[in-house]
Amino acid sequence: SFKELTEQQQKAQRTLVDMQIDSAKRDLELGIRSLRQQNHAELFQEAERVAIAAVGKGVRESLATEVAALHRVVRQMNDSVDERLRIFEQRLNGMESRFSQGL
């Protein structure tokens, strides 16, 4: 009968709409899951970048401290060498003056 045929068509349409809704829900859930994974990956990368920057900063600060210490040691060595050269020059000048007086 016409009524039964109409009911079957309506039921088929509702089933089709339900299937489309379910498909859209699955697509949305997949999209949300993908966005969450992407956000987690981005957050992880950002955390990793921050950690590397912090380590890098610590390394740079440590290296700066060590370089400053090396500069102090080199300065002390230069000062020591300069002082030894000054003393040596004084001795040479003294020897030269004694030598020239002896001649």
Task: Share of carbon and sulfur in the accessible heavy-atom surface of the chain [1.4 Å probe, %] - done: 59 percent
- [ ] For the chain, set up a Gaussian network in which alpha carbons nearer than 10 Å are linked by springs, and say which option among 35, 63, 16 fluctuates the most.
- [x] 16
TODO: Read through the labelled values (i) 1.24; (ii) 1.06; (iii) 3.39 and report the label of the one computed as Cα Rg over 2.2 N^0.38 Å from the structure.
DONE: (iii)
Open item on the list: Suppose all protein chains stay in the model; what accessible area per residue would a 1.4 Å probe give for the chain, in Å²?
Closed with: 95 Å²
- [ ] Can you give me the three principal axis dimensions of the range 58-98 from its C-alpha atoms, in Å, biggest first?
- [x] 60, 6, 5
Open item on the list: If DNA, RNA and ligands are ignored and the probe is 1.4 Å, what is the ranking of 65, 6, 15 by accessible area, most exposed first?
Closed with: 65, 15, 6
- [ ] Any chance you could give the angle, 0 to 90 degrees and rounded to 10, that helix 2-102 forms with the longest Cα principal axis of the chain?
- [x] 0 degrees
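The values are calculated or read from the model by the stated rules, or taken from the named source; none is laboratory data. Just so it is clear, the structure is predicted and the values come from calculations on it, not from any experiment. These area figures cover heavy atoms from the full protein model, side chains too; ligands, DNA and RNA do not enter into them. Shrake-Rupley method; radii C 1.70, N 1.55, O 1.52, S 1.80 Å.
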